[in-house]
1. Lysine pairs in chain B with alpha-carbon atoms under 26 Å apart, 8 or more places apart or on different chains: how many are there?
2. What's the center-to-center distance, using Cα atoms, between region A:224-270 and region B:128-148 in Å?
3. Just the accessible area per residue of region A:40-189, please: how many Å² with a 1.4 Å probe?
4. Taking N as the number of residues in region B:142-222, what is its alpha-carbon radius of gyration divided by 2.2 N^0.38 Å?
5. Normalise the Debye intensity by I(0) for the protein assembly as shown, one equal point scatterer per Cα, no solvent, then take log10 at q = 0.06, 0.09, 0.10 Å⁻¹ and round to two decimals.
6. Would you be so kind as to list the residues of region A:100-130 that have their accessible area lowered by at least 30 Å² in the full protein complex compared with their chain by itself (1.4 Å probe)?
7. Give, to the nearest whole percent, the P(r) tail of chain A beyond 27 angstrom, counting all Cα pairs.
8. Give the shape of region B:155-294 as rounded, prolate or oblate, defined through the alpha-carbon gyration tensor: a ≥ b ≥ c are the square roots of its eigenvalues, a/c under 1.5 means rounded, and otherwise the shape is prolate if a/b is larger than b/c and oblate if not.
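The values are calculated or read from the model by the stated rules, or taken from the named source; none is laboratory data. Worth saying up front: this structure is predicted, and the values here are computed from it rather than measured. Positions of Cβ are generated from backbone atoms using ideal geometry, with glycine treated the same way; all protein chains shown enter the neighbour counts. For the accessible areas, the whole protein counts, side chains as well, though only heavy atoms, and no ligand, DNA or RNA atoms are used. Shrake-Rupley method; radii C 1.70, N 1.55, O 1.52, S 1.80 Å.
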Amino acid sequence: MTAADTTAGQVAGKLHKPRLSHLARREEIVGYLMAAPWLLGILWLYFSPFGTALYLSLTDYDILTAPKWIGFENFDTMLTDDPLFWKSLSVTTIYSVASIPLQIVLGLFLAILLNTRIRGLAWFRTLYYLPAVLSGVAVSFLWIWVFSADWGVLNFLLSLVNIEGPNWLTSEDWALTALIVMSLWGVGGGLVIYLAGLQGVPTELYEAADIDGAGRFRSFYNITLPMVSPVILFQLIMGIIRALQVFTEGYVMTQGGPNNATLFYILHLYRNAFRFLHMGYASALAWALFLYILLLTLVVLRSSSVWVFYSGEIKGRAR
Amino acid sequence: MTTQTSALPPAARRRSMAPIVARHVEKAIIYFLLLAGAVIIMIPLWWMLSTSIKHPKEVFAFPPTFLPAQFMWNNYTDLFIKAPFHIYIFNTTYIVIMDLIGTVATASMVGYAFARLRWRGRDIFFVITLATMMLPATVLLIPRYIIFNEIGWTNSFKPLWVPAFFGYAFFIFLMRQFYATIPHELDAAARIDGASEFGVWWRILAPLTKPALAACGIFTFNATWNDVLGPLIYLTSESKSTLALGLMQFRGPHRTDWHYLMAASTLAMLPVVIIFFFAQKYFIQGITFTGLKG
């Protein structure tokens, strides 16, 4: 730096810098103040519980007495000495593997039907979306009554076509299927998102394909599917995170039964934590679930380079 | 010119020659499928509604009746005699309102700080914010219970709404994205006119984000109103029960009064349905804006 530069800098600094830095400092202070609740929240409600969960998973803890360090014993128990861990893991996995693809296929199919310039679009969309906003205990009760073997509406409708419906919720073979069927009721949630994605696909693409003589199936396979594949990817990941944490249906409708046929992972975790007060073991269960979700998400993301198509220009258009 | 004219006719010809009948049939099939789907989706709700106003004897009729022979509206008023439903409703409403205020206010403020203000560490904290969205809520369940238990908050509503005032990552993200779509000229002009940073947010920008705030509010309302696990863990006394917990007690261990149970379920769903019909614009904007299911 030369002397001239220094003086020029000093002059410039005298004229502008203090004012600018004063403003910038004020902006920074306001920034911290406005973000403060969340920054504290991250510490208090995310970081610290996350660490606590990790620590507790390595202890024997029943809330009433101090946690006792036992190393990896909880994980050892989980893998070798808790058949219900494996049962709940498989129940939850089967539920996810069945319900997520069904929801995606059905949601996409309905969205394509809705995207054909039909009349009453808004009306249909409202009807289909409504069940997606309903959840919780009331919905579970509603479905217990729908699935009722002797007086339920489902078995009545099946009897009209000469099918004798099973004892949906009280049969070990059918209970999980019933809950998968029930999950399809909320298909409208995904549908609305696919519809938005489909509406963002430029019509020129279909016109060009039409001129080139591509049939409807080819247009779907070569245009629609690649164009909405990023949306499908997102729905797939969100679906995994959600389905693996399903709780209410199992707790309210079947209490995990019959014979643990609907023992969802979170139900198993809940019982260990809040019924048997095995807080340490339940924390280990929580961590195992976290790792499982992480693993599945990573596998899906890795696979996405093969089947997800990104088009910068057209993506911008879709906004 | 020549290529254009020679390229256009085949397509145009194909279109005009496409049999109109076939297209009508296709439209009819689409309408049929969509209507069938809508009916299937509505059957469970209709089933609940009709059962809720049936006479107990008609509930177990076979074949089932879709329209009750006799409309027993007093099933609904009976609920309040059979259980302290007004208390459940009051408790749930209290939690929902507190949650709503906390979530919306914090998301707006923190979203603004992330989108519009420069402060050291902002980008790192934003990445952390996104990371917390990926964290399954159930991993935090037990440690949070222990934290709230230690400060004596169990069997109180506080664990259910105080966290809202510290913000939820998803809504902060949503608001931050929304602020990012507003042109910077607006706040620049306000600043030149001497508005403070806080004033720019509160008076100029926050009012412009009403649609996004509405989406945040509606999602929060829904999630809190329907929440089962939270109240189940934290609330132990009858007088603190929410609708979700109250409903569960309504199902007898041996015999269930289905007409009451369906009336209670209808009642519990009603606010969600009403808000959905009035605000579905914001629902749909919200989920298409973020790509997240409601």
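1. On the way: B:Lys54/B:Lys82; B:Lys57/B:Lys82; B:Lys82/B:Lys240; B:Lys158/B:Lys240; B:Lys210/B:Lys281; B:Lys210/B:Lys293; B:Lys281/B:Lys293.
Eligible lysine pairs with Cα atoms under 26 Å apart amount to 7.
2. Using only Cα atoms to place each centre, the spacing works out to 18 Å.
3. Working: 7010 Å² over 150 residues.
Heavy-atom accessible area per residue stands at 47 Å².
4. On the way: Rg = 17.4 Å, N = 81, 2.2 N^0.38 = 11.7 Å.
Normalised by 2.2 N^0.38 Å, the Cα Rg of region B:142-222 equals 1.49.
5. -0.39, -0.84, -1.02
6. A:Leu113, A:Thr116, A:Ile118, A:Phe124, A:Arg125, A:Thr126, A:Leu127, A:Tyr128, A:Tyr129, A:Leu130
7. 62 percent
8. Judged from the Cα gyration tensor, region B:155-294 comes out prolate (a/c at least 1.5, a/b above b/c).
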